[in-house]
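Read through the structure below, which is laid out as structure tokens, and then see the notes.
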Amino acid sequence: MNVQLPRVTDRAAFQAELDEVRAREKAHTREGDAIAAARRRLPMVEVDPATPLIGPEGSTTLLDTFEGRRQLIAYYSMWHHGQPASEQCQGCTWINTEVGDLSYLHSRDITYAVFCQGPYGESRRYRDFMGQRMPWYSALDSLDVLLEGRQIGLMHLICYVREGDRVFETYWTTRRGVEVVDTSLALMDLTVFGRQEWWEDSPEGRPRLEGATMRLNGRPIPQWARVEAGFSDDLTGLQDRDG
């Protein structure tokens, strides 16, 4: 494939054009700070703290998922019922594979957890197959309450705060809004080829991926390392807690 690279110039000319982009980056950063400040001034809505979920010990509550911390960020993962690991959501797989050490969030009194929109047993086996270590719950039986007014089955990122035993929702986003959890896409955006997706504004002659950009050879991309390392992607078996 003949790939069109940027024109070659000297260091001074390169830096001059980079400085123009840098000014826009700084303005973008300041605008992001202003938007974050506006988020902190949003009102909040109370949510029933006893809303049931299923976790590793069986039935639990929304309040319990805070793990004693003041704040909770819940990623509502999509789930394709009865489908094998290879057919699960490539976007949610990608996003949560990016989540590693949670200690910095914990230092700010924040718990991060996945609220899967499928049954606990098979979805937990998927989490283990992927090598993820964040707290994992099934929210399947409570989606009408937890996602009130939103599209059930779509990914969501929702922030909560608690005051004693009372729980409040303070922010939510979906679709590309959940990209804040990811680091790979942000790093791709710094490169000359970007994400290589069809919708990007890139010069002619730059590589573009065809079809699903988060799948490779029929699987979500992060699965291949697990398969090649010998981890089982079998999601079937005894499911005594599939609430």
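Computed values, structure above
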read-out: Test: residue in region 165-173 that is β-branched (Val, Ile, Thr) and at pLDDT below 95; value: no
read-out: Qualifying residue in region 197-209 (condition: closer than 27 Å to residue 100 by Cα, at pLDDT below 90 and either open to solvent by less than 30 Å² (accessible area, probe 1.4 Å) or part of a strand (DSSP E or B) (or both)); value: yes
read-out: Subset of region 153-176 that is more than 16 Å from the chain's Cα centre (by Cα) and free of Cβ contacts under 8 Å to residues at least 40 places away in the same chain - its residue that is nearest to residue 38 (Cα to Cα); value: 163
read-out: Yes/no for residue 41 being open to solvent by 80 Å² or more (accessible area, probe 1.4 Å) and of a type in the set (Lys, Arg); value: yes
read-out: Matching option when the condition is loosely packed, with under 15 Cβ neighbours inside 10 Å and of a type in the set (A, V, I, L, M), among 154, 147, 143; value: 154
read-out: Test result for residue 192, in contact with a His (Cβ under 8 Å, 6 or more places away or on another chain) and not in a strand (DSSP E or B); value: no
read-out: From the options 27, 12, residue that is out of contact with any helix residue (DSSP H, G or I) (no Cβ under 7 Å at 6 or more places or on another chain) and open to solvent by less than 70 Å² (accessible area, probe 1.4 Å); value: 27
read-out: Any pair with Cβ under 7 angstrom, 6 or more apart, that starts in region 58-81 at a residue that is closer than 10 Å to residue 112 by Cα and modelled with pLDDT of 95 or more and ends at one that is among the basic types (Lys, Arg) and buried (at least 18 other Cβ atoms within 10 Å of the Cβ); value: 66/162
read-out: Selection from region 106-153 of residues that are among the small types (Gly, Ala, Ser) and within 21 Å of residue 234 (Cα to Cα); value: 118, 121, 123, 131, 138
read-out: Residues that are assigned to a helix (DSSP H, G or I) and either exposed (fewer than 15 other Cβ atoms within 10 Å of the Cβ) or small (Gly, Ala, Ser) (or both), drawn from region 103-127; value: 103, 104, 106, 107, 121, 123
read-out: Unmet criterion (only one of (1) in a loop (DSSP other than H, G, I, E, B); (2) in contact with a Leu (Cβ under 7 Å, 6 or more places away or on another chain)) for residue 178; value: (1)
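The values are calculated or read from the model by the stated rules, or taken from the named source; none is laboratory data. Quick caveat: nothing in here was measured; it's all calculated off a predicted structure. Glycine also receives a Cβ, built like all others from the backbone with ideal geometry; neighbour counts cover every protein chain displayed. SASA here: full protein model, heavy atoms, side chains in, ligands and nucleic acids out. Shrake-Rupley method; radii C 1.70, N 1.55, O 1.52, S 1.80 Å.
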